[in-house]
């Protein structure tokens, strides 16, 4: 059977008006072009609800309380790398039985998103204090001052290693660089050692280091690559910042 067409609001209002004026339902049905039973249903609904349109539904009842949502937030902050399934099981331990989708929905309501963790070198408290002190001592430097600086350092490049898929964590937009939301990296995994230098004037020499760096090897690198780079970039007046300055 073909579906019946929904009666327009104007027609329903006309039916109510005609009935309120004392017209019989049979005459009203003939006037608006519908069945007498349809007229009776509209009149009954109008008397019950005081309107001819459907009342707005309140929707499905929320399955979790504010207190339970706070419990989920605490579970998430305890280990941001947890999956929704793992958090669901932890939530069940305190008496909340919901599906994985509900866990995701509640976390999104709190502003959490499942993001790829930012990579950042693992720094000790001593590293952090030293870097902060170094920055404070130079916070008044101008652009011209920094243009006279040559930065040099060595680093290992990982070959055939690393986590291409990445690590995902639950965090808000403002938390992506917080300690709990980072993927810690180490500076010296086994791989290829590269030394190089640069300044505001451009890049300098770069070389592959095929042996462990001791005092003599480092002096040879500075003589063979750093000094020629400085001579190319500067006429006079420069400062060298190397890894030995504990940056």
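What the Cβ-Cβ distance of residue 122 and residue 216 gives, at R0 = 22 Å and to the nearest 0.05, is a FRET efficiency of 0.15. Distance between the 7 Å Cα→Cβ label points at residue 92 and residue 66: 2.9 nm. Over the range 90-141, the ratio between the Cα radius of gyration and 2.2 N^0.38 Å evaluates to 2.09. For the range 66-110, the square roots of the Cα gyration tensor eigenvalues, ordered a ≥ b ≥ c, give a/c below 1.5, which places it in the rounded category.
What FRET efficiency comes out for the pair residue 77/residue 193, r = Cβ-Cβ distance, R0 = 22 Å, nearest 0.05? Computed FRET efficiency for residue 77 and residue 193 comes out at 0.05.
Report the calculated FRET efficiency for residue 105 and residue 49 (r = Cβ-Cβ distance, R0 = 41 Å), to the nearest 0.05. Between residue 105 and residue 49 the formula returns 0.80. Kirkwood analysis of the Cα pair distances in the range 9-49 returns a hydrodynamic radius of 9.8 Å. Extension gain for the segment residue 134 to residue 184, taken as residue separation times 0.36 nm less the Cα-Cα distance, is 15.7 nm to one decimal.
Read-outs throughout are calculated quantities, based only on the coordinates presented, and are distinct from any laboratory measurement. This is a predicted model, so every value here is computed, not measured. Quick reminder, even Gly has a Cβ in these numbers, built from the backbone with ideal geometry, and neighbours come from all protein chains shown.
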